[in-house]
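Notes to accompany the following structure.
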Amino acid sequence: MYLVVIGWLYVVLMMSVAEASNTTGTVLGAIVTFFLYGLMPVTLVVYLMRTPQRRKARKAQEAEEDRARLAEKSEPSAPAPSDEPDAGGHAAGAAKADGIAPVREEPR
């Protein structure tokens, strides 16, 4: 596949050189020719041709992550410290000195 890409870019480069060296041609025309006939189509074709490879690599990476996650779950480990301030089932205000939880006023 890459041999065809290199060959096409060579042909387009020669078309651009011919355009730039022609008496009625311009360097701007050569640059436009190179981009519109060469780089843009080749980039699109290579991207589309590599789609199955990218999909296969992504699925392999996801499978590896799943295996790592399952291995992590199956190994017994010490419980991680909680970042939550209160993991208990008691009301937050019940720990005050007077033992009365604050009451929220209803909006008017």
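Worth pointing out:
- Residue 85 being modelled with pLDDT under 90 and surrounded by fewer than 11 Cβ atoms within 10 Å (Cβ to Cβ): yes
- Hits in segment 1-11 (condition: surrounded by fewer than 13 Cβ atoms within 10 Å (Cβ to Cβ) and β-branched (Val, Ile, Thr)): 4, 6, 11
- For first residues located in segment 30-47 and over 15 Å from residue 18 (Cα atoms), partners that are small (Gly, Ala, Ser) and outside any helix (DSSP H, G or I) and lie 6+ apart or on another chain with Cβ distances below 6 Å do not occur.
- Tallying residues that are surrounded by fewer than 11 Cβ atoms within 10 Å (Cβ to Cβ) and over 26 Å from the mean Cα position of the chain (by Cα) within segment 12-60 yields 5.
The values are calculated or read from the model by the stated rules, or taken from the named source; none is laboratory data. Computed from a predicted model, the values in this text were never measured in an experiment. Neighbour counts run over all protein chains shown; Cβ positions are idealised from the backbone, glycine included.
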